[in-house]
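Enquirer: Dropping the structure in here first, questions after.
The values are calculated or read from the model by the stated rules, or taken from the named source; none is laboratory data. Keep in mind it's a predicted model, so treat the numbers as computed, not measured. Using ideal geometry, Cβ is built from the backbone for each residue, glycine included, and neighbour counts are taken over all protein chains shown.
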Amino acid sequence: MANFHVHEDVSSLIENVKPKNQKLTKVFPHAKNRAVLQPLCSYQQNAKPRKPDPEKENRAIVATKAEDQNGSDSDPCNDLIRLKPVFKRTNLSSRVSNVNKEYEEQIWNYLNSLEKKMFAIKPHYMTKQVHLTWEMRAVLIDWLVSVAEEYKMNDNTLHLSVNYLDRFLSNISVIREKFQLVGATAMMLASKMEEIYPPDTREWAYLTGDTFTYRQIIKMEQLMLKVLNFEMNTPTILDFIRHLCVKHKLDSKTMYLAMYLSELVLLDGEEYLQHFPSKLASASLVLARHTLFKTEPWTKKLEETAGYSLKQLSPVVQKQQKTFKSSPFREQQAVQKKYASDKYHRVALLKPRVLVLDEEE
């Protein structure tokens, strides 16, 4: 671990301001009488709708009718009018499936090579963090889950945030008072990678209960990018789960349960950080299929794609089963609340089954 300490050597990067509150503050942007920057999406909402032009509409109707009568020999300038009604809403999963079908093997090989190249997390980094514990990390991630849900962020934003957090803590010693600043900055960077309208620095300062200023967040962002060497597109557990589900046409409930298990895994870093995301994703699918009474928890086709046998996955699956069983009794309940909603088929309310795996290869 580097000798570079956030609380000692970065006076030029982080202001030496004593935080008002050392506890993680859970606040959201719905407070009354609040005067802060408007979300970027409000620009589109406040934009004035374009006034309809009756003459243009009549010309379009006439042109469309004329083209229908003339057939394929009509003026090519009318192609835009002819094609306009063809565009319809299509199912996103079907489009993703069609796009990935031709390149699915190359995509999987690329993700595998990338995770090995960018797997820079030291599994036992917490032993060198003098001021932090695994329990404090779980509390911070629980807060990040709540923020992501409140802002309706992409599921992968959370996974990337935790990846940035762990990689940063693997190299930099952080005091307790700056821990929430590091977590908020990690999610801010992840939201810039994944979201269309990411919250800005002032919004993140507000989310920390104004414990930190937006200038401190900007300076921490600069430091984190330096430490991560600007390698921001690392594969996550969710990437592998989605790829396997699309390739093998697994049902949505199986995918959501695997996603739920993968987010529970994020809370227990001490148990899982030594495993590659692809292995954790495969184990999550095994446990999800077993819980949902599938005939084969891990088919030959899934094994060929993922590259892991059931025997190799069994120790990880057993750990995840323990995590799954203990999840209702944890103090951190943001993940459970998220996946108890109808959006995710209420998979958090499922009860674990007795786990008996056939480990023969």
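Enquirer: Looking at (1) within 30 Å of Pro297 (Cβ to Cβ); (2) touching a helix residue (DSSP H, G or I) at 6+ places or on another chain (Cβ under 6 Å), find the lone condition where Met188 falls short.
Expert: So the condition that Met188 fails would be (1).
Enquirer: Quickly run through the stretch 226-246 and pick out the residues that are surrounded by fewer than 16 Cβ atoms within 10 Å (Cβ to Cβ) and assigned to a helix (DSSP H, G or I).
Expert: Lys226 - this is the single residue of the stretch 226-246 that is surrounded by fewer than 16 Cβ atoms within 10 Å (Cβ to Cβ) and assigned to a helix (DSSP H, G or I).
Enquirer: Mind listing whichever residues of the stretch 261-314 are part of a loop (DSSP other than H, G, I, E, B), farther than 20 Å from Ala138 by Cα and not β-branched (Val, Ile, Thr)?
Expert: Taking the stretch 261-314 and keeping what is part of a loop (DSSP other than H, G, I, E, B), we get 268, 273-276, 292-299, 307-309.
Add one more test, that the residue is farther than 20 Å from Ala138 by Cα, and what stays is 292-299, 307-309.
Leu292, Phe293, Lys294, Glu296, Pro297, Trp298, Gly307, Tyr308, Ser309, listed by residue number.
Enquirer: Return the residues of the stretch 247-260 that are over 23 Å from Lys337 (Cα atoms) and part of a helix (DSSP H, G or I); say none if nothing qualifies. Give the steps one after another, and end with the answer.
Expert: First, the residues of the stretch 247-260 that are over 23 Å from Lys337 (Cα atoms): 247-250.
Within the stretch 247-260, Lys247 is the sole residue that qualifies.
Enquirer: Out of Gln129, Gln106, report the one residue that is buried (at least 16 other Cβ atoms within 10 Å of the Cβ), of a type outside the set (Lys, Arg) and more than 18 Å from Leu207 (Cβ to Cβ).
Expert: Of Gln129, Gln106, the one residue that is buried (at least 16 other Cβ atoms within 10 Å of the Cβ), of a type outside the set (Lys, Arg) and more than 18 Å from Leu207 (Cβ to Cβ) is Gln129.
Enquirer: Name the residue that is nearest to the chain's Cα centre (by Cα), counting only residues in the stretch 178-225 that are of a type in the set (Ser, Thr, Tyr) and assigned to a helix (DSSP H, G or I).
Expert: First, pick out the residues of the stretch 178-225 that are of a type in the set (Ser, Thr, Tyr): 185, 191, 197, 201, 206, 208, 211, 213-214.
The next check asks that each one be assigned to a helix (DSSP H, G or I); those that pass are 185, 191, 201, 206, 214.
Details: Thr185: 15, Ser191: 9, Thr201: 19, Tyr206: 22, Tyr214: 24 Å.
Top of the filtered list is Ser191.
Enquirer: Could you list, in sequence order, the residues of the stretch 311-355 that are in contact (Cβ under 8 Å) with a residue 40 or more places away in the chain and of a type in the set (S, T, N, Q)?
Expert: Ser314, Gln320, Thr323, Ser327, Gln332, Gln333
Enquirer: Now, a different point. Please go through (1) assigned to a loop (DSSP other than H, G, I, E, B); (2) of a type outside the set (A, V, I, L, M, F, W, C); (3) under 30 Å from Glu104 (Cα atoms) for Gln332 and return the number of the only condition it doesn't satisfy.
Expert: Looking at each condition in turn, Gln332 falls short on (3).
Enquirer: Scan the stretch 309-340 for residues that are of a type in the set (Phe, Trp, Tyr) and surrounded by 20 or more Cβ atoms within 10 Å (Cβ to Cβ) and report the count.
Expert: The number of residues fulfilling the criteria is 2.
Enquirer: Let me ask something additional. In this structure, does Phe119 turn out to be among the aromatic types (Phe, Trp, Tyr) and surrounded by fewer than 20 Cβ atoms within 10 Å (Cβ to Cβ)? Show your work before the answer.
Expert: Details: among the aromatic types (Phe, Trp, Tyr): yes; surrounded by fewer than 20 Cβ atoms within 10 Å (Cβ to Cβ): yes.
For Phe119, the condition - among the aromatic types (Phe, Trp, Tyr) and surrounded by fewer than 20 Cβ atoms within 10 Å (Cβ to Cβ) - is met.
Enquirer: Looking only at residues in the stretch 192-212 that are more than 22 Å from Asn156 (Cβ to Cβ) and touching a helix residue (DSSP H, G or I) at 6+ places or on another chain (Cβ under 6 Å), which one is surrounded by the most Cβ atoms within 10 Å (Cβ to Cβ)?
Expert: Among them, the one singled out is Phe212.
Enquirer: Here are some residues: Leu355, Leu261, Leu250. Which one is within 25 Å of Asp166 (Cβ to Cβ), outside the structural domain of Gln106 (by TED's automatic domain parsing) and buried (at least 16 other Cβ atoms within 10 Å of the Cβ)? Reasoning before the result, please.
Expert: On the way: Leu355 fails: within 25 Å of Asp166 (Cβ to Cβ); Leu250 fails: within 25 Å of Asp166 (Cβ to Cβ).
Answer to the selection: Leu261.
Enquirer: Which count do you get for residues in the stretch 298-316 that are of a type in the set (Val, Ile, Thr) and over 12 Å from His275 (Cα atoms)?
Expert: Pass one, the stretch 298-316, residues of a type in the set (Val, Ile, Thr): 299, 305, 316.
After this cut, where a residue has to be over 12 Å from His275 (Cα atoms) as well, the list is 299, 305.
Final tally of qualifying residues: 2.
Enquirer: Another question, then. Could you list, in sequence order, the residues of the stretch 144-202 that are polar (S, T, N, Q), without any contact (Cβ under 8 Å) to a residue 60 or more places away in the chain and farther than 21 Å from Lys219 by Cβ? Steps first, answer last, please.
Expert: Applying the first criterion (polar (S, T, N, Q)) to the stretch 144-202 yields 146, 154, 156-157, 161, 163, 170-171, 173, 180, 185, 191, 201.
Within this subset, residues satisfying the condition of being without any contact (Cβ under 8 Å) to a residue 60 or more places away in the chain are 154, 157, 161, 185, 191, 201.
Hits for the stretch 144-202 are Asn154, Thr157.
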